[in-house]
Amino acid sequence: ALTGCNKTDKITDTTENPVIKIGSDNYPPYNFLNEDGMPTGIDVDLATEAFGRMGYKIEIIPISWEQKKKLLENGEIDCIMGCFSMEGRLDDYRWAGPYIASRQVVAVNENSHIHKLSDLKGKNLAVQSTSKPEGIFLKRTDKRIPKLGNLISLGHMELIYTFLGKGYVDAVAAHEESIVQYMKDYDTSFRILEEPLMVVGIGVAFAKDDDRGICEQMDRTLEEMRQDGTSLKIIEKYLDDPEKYLEVD
């Protein structure tokens, strides 16, 4: 075993340390706004600590997830760090990580007759556009993945849960942590299928031609944080059973 802020909000520290611009979207519990309207979450805390050790301050740049690669290659952001799955994208970016293991899963309404992946045949499923689940269902290279009736790709993560709750789709697919967090935040209940779509590694993506050495330094720093217990302390603030998320390879 081993992908947030409002469009106009950002967190920045204007001290003399150089600033790393991190592109991310709203994706609780990895990146979201706290009660004071400031970005927080697993990735925000990990980035603050890791880049701080490296001598940088961070600036969280809210981005359209569909534009992430273009923004990175244009230099508008330095890296992408927003629950970003490495699998299937290893040749597209320069990576630091993986630093967290995550399950990609399918969720349905509690009264649904869908209990396993094969039950999705002919059904309608919603995903976030350009996400790992979208690729899984579009490519269908895994023989367990049936042909859907419709695959609905939405620009904003929150909308997939709205579509499921209102019955516009039969199921959604996303990171398990995101689904659990949504249920907590909105006091609702979905049923997560036991069989995962995939277990993925979460990493920090830099442009393929970024030769500044920051990616390699970040990779070493994240591993140091895992070894010294810092990552565990951060993750346990947001997730139950934090040790399982550090079973990265």
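The values are calculated or read from the model by the stated rules, or taken from the named source; none is laboratory data. Remember, it's a predicted structure, so these values are computed and weren't measured experimentally. Glycine also receives a Cβ, built like all others from the backbone with ideal geometry; neighbour counts cover every protein chain displayed. Only protein heavy atoms, including side chains, enter the accessible area calculation; ligands, DNA and RNA are left aside. Shrake-Rupley method; radii C 1.70, N 1.55, O 1.52, S 1.80 Å.
Contact map, the range 43-70: residues that are of a type in the set (Asp, Glu) paired with residues that are in a loop (DSSP other than H, G, I, E, B) and buried (at least 20 other Cβ atoms within 10 Å of the Cβ), Cβ distance under 7 Å, separation 6+ or inter-chain. Pairs shown: 43/30. Residue-level check: of (1) closer than 19 Å to residue 193 by Cα; (2) open to solvent by less than 40 Å² (accessible area, probe 1.4 Å); (3) modelled with pLDDT of 95 or more, residue 97 misses just (1).
The residue of the range 128-157 that is nearest to the chain's Cα centre (by Cα), among those that are among the charged types (D, E, K, R) and buried (at least 17 other Cβ atoms within 10 Å of the Cβ), is 132. Screening the range 100-119 for residues that are of a type in the set (A, V, I, L, M, F, W, C) and surrounded by fewer than 23 Cβ atoms within 10 Å (Cβ to Cβ) and picking the one that is nearest to residue 243 (Cα to Cα) gives 101.
Residue 248 - would you say it is crowded, with 18+ Cβ neighbours inside 10 Å, among the β-branched types (Val, Ile, Thr) and within 17 Å of the chain's Cα centre (by Cα)?
Details: crowded, with 18+ Cβ neighbours inside 10 Å: yes; among the β-branched types (Val, Ile, Thr): yes; within 17 Å of the chain's Cα centre (by Cα): yes.
Spelling it out, residue 248 is indeed crowded, with 18+ Cβ neighbours inside 10 Å, among the β-branched types (Val, Ile, Thr) and within 17 Å of the chain's Cα centre (by Cα).
Can you tell me how many residues in the range 70-80 are out of contact with any Lys or Arg (no Cβ under 7 Å at 6 or more places or on another chain) and not in a helix (DSSP H, G or I)? Qualifying residue count for the region: 4.
Report, by residue number, each residue of the range 49-69 that is surrounded by fewer than 24 Cβ atoms within 10 Å (Cβ to Cβ), within 17 Å of the chain's Cα centre (by Cα) and not in a loop (DSSP other than H, G, I, E, B). Lay out the reasoning, then the answer.
Initial filter on the range 49-69 (surrounded by fewer than 24 Cβ atoms within 10 Å (Cβ to Cβ)): 49, 52-57, 59, 61-69.
Within this subset, residues satisfying the condition of being within 17 Å of the chain's Cα centre (by Cα) are 61-69.
Answer for the range 49-69, where residues must be surrounded by fewer than 24 Cβ atoms within 10 Å (Cβ to Cβ), within 17 Å of the chain's Cα centre (by Cα) and not in a loop (DSSP other than H, G, I, E, B): 61, 62, 65, 66, 67, 68, 69.
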